[in-house]
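The structure appears right after this line, and notes come after that.
The values are calculated or read from the model by the stated rules, or taken from the named source; none is laboratory data. Note that this is a predicted model, so its numbers are computed, not measured. Here the Cβ is made from the backbone with ideal geometry for all residues, glycine too, and neighbour counts use every protein chain on show.
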Amino acid sequence: MSKQNGRQHDEEERLAESVYDRLVAPAVAPEDDNKFVAIAYEVEDFEIDRSDFAAISRLHERHPGAKTWLMRVGKLPAYLVRRGPNVA
């Protein structure tokens, strides 16, 4: 990942976490714990579902082509993605 891509990724993460803190966190209930949260951070909208696919699909129905960040309620990582054997 280039420095430019890394900075862009960091900014996307910052925007998504801002939406999570301001809009998602106040709206979640205890039964939502560990559900997926798809966040369209540029339009400040989100969907929550047990299925990552369902959450993203509903969000993209309202905002086709929106840049989307996927998290879990409680901020546990949804996925950990690594490239190659030398990535720490």
Flag for E47 being at pLDDT 95 or above and exposed (fewer than 11 other Cβ atoms within 10 Å of the Cβ): no
Residues satisfying the stated conditions in region 13-44, i.e. within 15 Å of T68 (Cβ to Cβ) and surrounded by 16 or more Cβ atoms within 10 Å (Cβ to Cβ): L15, A16, E17, V19, Y20, V24, F36, V37, A38, I39, A40, Y41
Cβ-Cβ under 8 Å pairs, at least 6 apart or on other chains, region 9-36 side of a type in the set (K, R), far side surrounded by 11 or more Cβ atoms within 10 Å (Cβ to Cβ) and assigned to a helix (DSSP H, G or I): K35/A55
